[in-house]
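Heads up: the structure comes next, in structure tokens.
The values are calculated or read from the model by the stated rules, or taken from the named source; none is laboratory data. Predicted model only: the values in this text are computed from it and were never measured. Cβ placement follows ideal geometry from the backbone for every residue including glycine, while neighbour counts extend to all protein chains displayed. Side chains are part of the model used for accessible areas, which takes the heavy atoms of the whole protein and leaves out ligands, DNA and RNA. Shrake-Rupley method; radii C 1.70, N 1.55, O 1.52, S 1.80 Å.
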Amino acid sequence: MTATPLDAQGKPAGESVKCGTLAQAEQKQSEDQYRAGYRYGFADLRRDCQKEPPRPRATAPDPDWQKGYDAGAADAADKFCDE
């Protein structure tokens, strides 16, 4: 999907730009949250093999971030920690 600016007469007046849908934006946000949580969880366990949950906040962590954190922590545990 693209959008093109129009002049006062309704004729194209600039370069077209790509735009997305709300669903695409939500999917990207979900993926970004997962990746951020994964990196945090992986680094957290890799440091000392002690899983430390995120510090308490006013709101619960984003569910996608939490899934990423858990997956990252599990991968780090498999690679770096003796159990």
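Filtering region 18-39 down to residues that are assigned to a helix (DSSP H, G or I) and basic (Lys, Arg), which residue is nearest to residue 76 (Cα to Cα)? Here the residue is 39. All of 35, 55, 39 fail the test of being modelled with pLDDT under 90 and out of contact with any Cys (no Cβ under 8 Å at 6 or more places or on another chain), apart from 55.
In region 58-81, the count of residues that are closer than 30 Å to residue 5 by Cβ, modelled with pLDDT of 85 or more and under 16 Å from the mean Cα position of the chain (by Cα) is zero. Looking across region 1-26, just one residue is open to solvent by less than 100 Å² (accessible area, probe 1.4 Å) and at pLDDT 80 or above, and that is 23.
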